[in-house]
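The values are calculated or read from the model by the stated rules, or taken from the named source; none is laboratory data. Here the structure is a predicted model, which is why all the values come from computation and not from measurement. Cβ atoms come from the backbone with ideal geometry, glycine included; neighbour counts cover every protein chain shown. Each accessible area value is taken on the protein alone, full model and side chains, heavy atoms only, with ligands, DNA and RNA left out. Shrake-Rupley method; radii C 1.70, N 1.55, O 1.52, S 1.80 Å.
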Amino acid sequence: MTVYLDNAATSFPKPPQVAKGVYDFMINIGATAGRGAYQRALESDRSVYEARKSITRLFHYNNPSRVIFTSNVTESINLVINGMTKEGDHIVTSSLEHNAVWRCIKTLERDRGVSISTVPCTVEGYTNAGDVEKAIQKNTTLIVFNHASNVIGTLQPIREIGAIARKYKIPFLVDSAQTAGVYPISIKEDNIDFLAFTGHKSLLGPMGTGGLIVNWDGKIYPMKSGGTGGDSAYPYQPDYFPNCLETGTPNVAGIVGLREGIEFILQEGIEKIFKKEKELIAYTLEKLQEIKGITIYGPKDCEKIIGVISFNLKKIPAEEVAYELDQRYGIMVRAGLHCAPTIHKIIGSNLIGTVRIGIGYFNEKKDIDRLIKALKEINT
Ligand SMILES: Cc1ncc(COP(=O)(O)O)c(C=O)c1O
């Protein structure tokens with residue numbers, strides 16, 4: 001029996017109805033969405049629309065046509081940042097960004113003369129929303145923040161940051177890669193203008209699915225132009241949602257699977273999912289502290305983090321710990337910088353990386369017990 005603890009990378013297992021949804025679509029429908037008038041094409045179209053509706057229900061939004069499907073959160077983030085940033089603009093961001101944001105804005109800094117302010121955070125990953133306000137300049141055109149760190153799990157005060165963004169009428173983009181599906185998010189109450197999400201993590205959908213909710217009325221230039229299934233004689237990308245930002249044949253099978261994942265979450269209830277995750281986080285933090293010489297990064301408080309915990313053992317490099325866990329004990333975790341280099345400088349692990357546990361909804365205390373037993377043996 002193996003133990004999967006790499007849910008921060010991608011969730012596993014998925015609820016059976018996710019695979020069933022994909023299978024049923026491919027076997028019984030298999031027609032493209034938004035492009036044909038025959039029954040099966042309309043059925044495909046309806047499936048995509050139902051998925052948009054499930055997403056609006058989960059994130060407390062009211063307009064399914066403002067849900068854009070992409071292939072992952074990276075694409076959603078690139079869509080917003082590249083689509084609305086011009087030369088001379090200024091972007092405010094956190095110190096905990098994943099490369100999905102970081103490389104995107106660093107490239108614009110190099111190629112488009114965009115400037116960046118990185119809001120400081122503490123060694124535990126806490127950001128003071130007031131520091132975001134201090135970082136705003138006359139030419140600030142976007143605030144982009146990670147909702148929770150994929151290295152140390154620390155939740156960011158997005159509601160307060162969103163309120164500041166509203167005060168200055170600056171659009172606010174949230175990377176919800178680590179929170180969507182496990183932590184309650186409300187577009188309205190959290191003051192979010194763009195919610196970027198990925199389908200394959202806590203939303204329990206297939207890889208290659210993701211999206212963006214656009215709660216903002218300004219112009220975003222599409223990254224791609226092409227077929228939308230309508231207005232075909234018009235030489236440009238249409239300017240109405242969702243077609244203005246969605247082009248080419250969508251991944252309908254994946255979208256159907258994603259909808260099944262989201263329906264599973266809605267049926268279980270996000271509060272129940274979050275409660276179970278918190279209990280497991282508290283248990284893991286308590287048990288990890290039994291290991292001699294361990295350094296646990298980030299807050300040791302299940303109220304402040306999502307199910308992502310990074311640590312290092314004193315004498316054994318992170319890669320070796322992960323290798324031993326896999327080879328000798330069948331326990332899957334990840335080691336390294338986890339595509340988020342800036343936070344490692346703050347926690348002091350930029351040269352060594354960390355071992356990262358990613359807890360998922362289908363993990364149980366017995367998985368953590370096996371991890372702790374194995375770590376104690378490796379540590380001797
Ligand atoms: C915070 C954060 N942002 C972005 C990403 C990128 O996700 P994807 O590869 O699904 O686009 C990840 C995934 O590792 C993440 O943890």
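Taking the helices alone, the chain has a mean residue ellipticity at 222 nm of -11500 deg cm²/dmol, built from -39,500 (n - 2.57) per DSSP H run of at least 4 residues and averaged over all its residues.
Specify whether the C-alpha gyration tensor of the chain places it in the rounded, prolate or oblate class, a ≥ b ≥ c being the square roots of the eigenvalues: rounded for a/c under 1.5, otherwise prolate if a/b is larger than b/c and oblate if not. Oblate. Of the beta bridges DSSP finds with both residues in the chain, what % are antiparallel, to the nearest 5? In the chain, approximately 55 percent of DSSP beta bridges are antiparallel ones. What do you get for the angle between helix 270-288 and the principal long axis of the chain? Use alpha-carbon atoms, 0 to 90 degrees, nearest ten. For helix 270-288, the angle is close to 30 degrees. For the peptides 169-180, 104-115, 278-289, 72-83, residues were scored by their other Cβ atoms within 10 Å and the scores averaged per peptide; the highest-first order is 169-180, 72-83, 278-289, 104-115.
Placing a pseudo-label 7 Å from each Cα along the Cα-to-Cβ vector at Glu319 and Lys169 gives an inter-label distance of 5.2 nm.
Calculate the length of the line joining the C-alpha centroid of the range 181-252 to that of the range 322-380, in whole Å. Using only Cα atoms to place each centre, the spacing works out to 33 Å.
Can you return the aspartates and glutamates within cross-link range of Lys224? Criterion is Cα-Cα under 16 Å, with same-chain partners fewer than 8 residues away left out. Filter leaves Glu75, Asp239, Glu246. Hey, any idea what % of the chain's accessible area is carbon plus sulfur with a 1.4 Å probe? Of all accessible area on the chain, carbon and sulfur atoms account for 52 percent.
The shape of the range 304-380 comes out oblate: with a ≥ b ≥ c from the C-alpha gyration tensor, a/c is at least 1.5 while a/b does not beat b/c. For the range 337-342, 3J(HN,Hα) computed residue by residue from phi via the Karplus equation (6.51, -1.76, 1.60; θ = phi - 60°) reads 9, 6, 6, 9, x, 5 Hz, glycine and proline entered as x.
Relative contact order of the range 16-268: 27 percent, from C-alpha pairs under 8 Å at least 6 residues apart in sequence. Karplus-derived 3J(HN,Hα) values for the range 182-187, using 6.51 cos²θ - 1.76 cosθ + 1.60 with θ = phi - 60°, are 10, 10, x, 10, 10, 3 Hz; glycine and proline are entered as x. Helix 365-378 and the long axis of the chain differ in direction by around 50°, with both axes built from C-alpha atoms. Residues in the chain average 43 Å² of solvent-accessible surface per residue, probe 1.4 Å, ligands and nucleic acids excluded.
Checking the cross-link pairs Lys272/Lys292; Lys314/Lys376; Lys345/Lys365; Lys275/Lys300; Lys106/Lys278 against a 23 Å limit on the alpha carbon distance flags Lys272/Lys292; Lys345/Lys365; Lys106/Lys278 as lying beyond it.
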